[in-house]
1. Quick one: which strands (runs of 3 or more DSSP E) lie wholly within segment 168-257 and hold at least 3 residues that are within 16 Å of the ligand (Cβ to nearest atom) and at pLDDT below 95?
2. Only one of VAL444, VAL431, VAL435, VAL420 is within 30 Å of GLU101 (Cα to Cα), modelled with pLDDT of 90 or more and not assigned by TED's automatic domain parsing to the domain that holds ILE191; which?
3. Go through (1) within 16 Å of the ligand (Cβ to nearest atom); (2) out of contact with any His (no Cβ under 9 Å at 6 or more places or on another chain) one by one and return the number of the condition ILE404 breaks.
4. Taking the conditions exactly as written (part of a loop (DSSP other than H, G, I, E, B) and closer than 30 Å to HIS429 by Cα), does ARG127 satisfy them or not?
5. Taking into account only those residues within segment 392-432 that are at positive phi and basic (Lys, Arg), which is surrounded by the most Cβ atoms within 10 Å (Cβ to Cβ)?
6. Any residue that is within 16 Å of the ligand (Cβ to nearest atom), within 23 Å of ARG51 (Cβ to Cβ) and modelled with pLDDT of 95 or more - is there at least one of those in segment 383-397?
7. Just to check your reading of the model, which residue among ASP386, ASP358, ASP337 is in contact with a Lys or Arg (Cβ under 6 Å, 6 or more places away or on another chain) and not in a strand (DSSP E or B)?
8. Please specify each residue of segment 439-479 satisfying the condition of being touching a residue at least 40 places away in the same chain (Cβ under 8 Å) and among the charged types (D, E, K, R).
Amino acid sequence: MQESLIVEEFANAGYQVSPDAVALIGAYSAPDTIVSKVLQSLDDSVLVVGREHINIGDVKIPEKPADKLAEKLADKLSKPADAPAVNILSDISNESTCVGEYSEFVRYFRDRYTRLSGIIRGRITARPIESLRARHSGREYDSVSIIGMVSDVRTTSNGNKLMEIEDPTGSFPVLVRPSDRDLWAIASGIIHDEVIGVTGSLTRDGRLMIVKSIVLPDLPNRYNQTLPGGGWGINGSEHGNGDGGAGCAALISDVHIGSDTFLGDAFSDFIDWLGDGSLPVQYLIIAGDLVDGIGIYPGQESELEIPDVYDQYRSAAEYLGRVPKNIRIIIAPGNHDAVRLAEPQPALPEKIRSMFSDDVIFTGNPALVEIRGVRILIYHGRSMDDLIATIPKMSYQRPELVMIEMLRRRHLAPMYGGRVSIAPENSDHFVIDRVPHILHCGHVHTIGIDRYKGVTVINSGTWQSQTDFQKRMNLDPVPAHATIVDLATLGTKMVKFA
Ligand SMILES: [Fe+2]
């Protein structure tokens with residue numbers, strides 16, 4: 001049974017299926033039997049069939065998934081092409097090994113702690129939490145520091161902020177009083193599962209720390225300086241004296257082809273514009289939700305113009321097939337695309353990739369790519385739902401502020417157990433180790449551009465007008481804009497196509 005037939009079988013039954021699951025089923029001698037067993041075992045809560053759903057009866061998951069994507073990607077990248085080069089620095093697509101066991105979650109969070117605490121350790125001298133209790137001698141310690149993951153955070157009846165901080169040696173309660181306004185402002189934004197450093201004094205009984213300062217991993221203060229040369233200004237304005245002559249990248253996301261609210265005419269105008277040479281665009285980067293998908297939310301079928309997910313991708317391939325060959329297209333998936341929902345998401349499966357030109361590069365979500373020396377961290381942005389709901393003053397209308405919160409935490413999806421379903425891979429792919437020049441997100445369908453400590457953050461909107469769901473949720477999308485980045489200066493320019 002070919003992989004495409006496995007995908008079709010699931011699609012006919014109304015399910016998307018992850019590439020991992022397809023590869024796994026395809027590795028067995030009687031894949032059709034396994035498909036029917038899996039289908040029988042699924043309940044209504046399942047939208048995307050993943051490897052975890054194949055662990056039924058006598059069908060077990062082998063240690064490593066069959067994945068030839070890395071080979072194919074390397075092969076594609078080594079081919080000479082008209083379009084300019086892309087260097088993929090980090091991507092889950094060829095590295096997924098997790099099956100969702102408890103021990104993998106432990107390893108995943110250890111990795112997160114080790115890497116983020118390493119960043120903070122450069123700024124404070126912290127001691128292991130177990131040493132706080134062991135060294136307590138009945139006197140007040142003036143200044144001690146610990147680094148840990150926030151396992152609990154709440155406001156007490158007295159108006160204090162009480163947090164539980166955890167490192168591999170133990171956990172400890174720390175208290176922030178509202179009297180210090182600056183400290184309180186930082187503490188108010190602290191969320192579950194982020195890694196922070198705290199310095200403070202221990203109470204006489206040695207059971208509580210009164211916090212004096214909080215250190216987030218954050219970016220170095222003077223990281224990326226504006227690259228030399230003229231260029232556009234930041235915040236989408238057109239000021240500045242550059243013309244993008246050294247080369248540009250067009251950043252878009254959330255195209256939602258297949259939806260009855262997809263703005264096909266505007267998108268078509270955008271593709272034509274790419275071809276008319278108004279600006280020297282060399283790259284087109286799409287940060288997820290290329291299509292609307294199927295079965296993403298209840299009742300979606302009544303809002304689809306193209307009800308078949310493969311037809312949606314065929315239509316996308318037709319549009320993108322009109323992009324001039326000297327423009328390199330990079331496509332990352334989002335939560336509406338036909339890959340596993342759990343993040344990090346691998347690249348779209350071969351059956352879909354084969355619909356597009358050979359020059360198109362498919363990455364996972366998130367992915368760090370380098371073009372012309374500019375590092376772009378692409379993340380669809382599902383975690384913004386959790387961050388907006390939790391951090392004070394965040395909103396769907398100001399996505400750039402939410403993205404800055406990711407940079408401050410050096411993590412794209414800090415909260416576990418919210419809207420983002422996290423796959424416990426060997427390492428935490430959401431940690432922002434290498435600081436990018438640009439962070440490019442989508443998902444919230446609004447536009448926001450800003451610069452934080454030298455990193456340009458861009459949320460690139462959508463190509464879909466307001467849906468009924470968004471109307472009900474009072475979400476006001478900003479459709480049919482492309483953000484053009486001058487790769488020499490990182491200046492930006494917004495071009496509207498509605
Ligand atoms: Fe979207």
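The values are calculated or read from the model by the stated rules, or taken from the named source; none is laboratory data. Predicted, not measured: the structure shown is a model, and the values here were computed from it. Here Cβ is always computed from backbone atoms with ideal geometry, including for glycine, and neighbour counts include all displayed protein chains.
1. On the way: elements: 170-176, 195-202, 209-215, 248-252.
Because the criterion is at least 3 residues that are within 16 Å of the ligand (Cβ to nearest atom) and at pLDDT below 95, no strands (runs of 3 or more DSSP E) in segment 168-257 meet it.
2. Going through VAL444, VAL431, VAL435, VAL420 in turn, the sole match is VAL431.
3. In the conditions (1) within 16 Å of the ligand (Cβ to nearest atom); (2) out of contact with any His (no Cβ under 9 Å at 6 or more places or on another chain), ILE404 misses (1) alone.
4. Taking the combined requirement at face value, the residue satisfies it.
5. From segment 392-432, those at positive phi are 393, 410, 417; that's our starting set.
If we keep only those that are basic (Lys, Arg) too, we end up with 393, 410.
On the way: LYS393: 11, ARG410: 22.
Here the answer is ARG410.
6. Yes, the conditions are met somewhere in segment 383-397.
7. Only one candidate passes the filter, namely ASP386.
8. Those that are touching a residue at least 40 places away in the same chain (Cβ under 8 Å) and among the charged types (D, E, K, R): ASP450, ARG451, LYS453, ASP468, ASP476.
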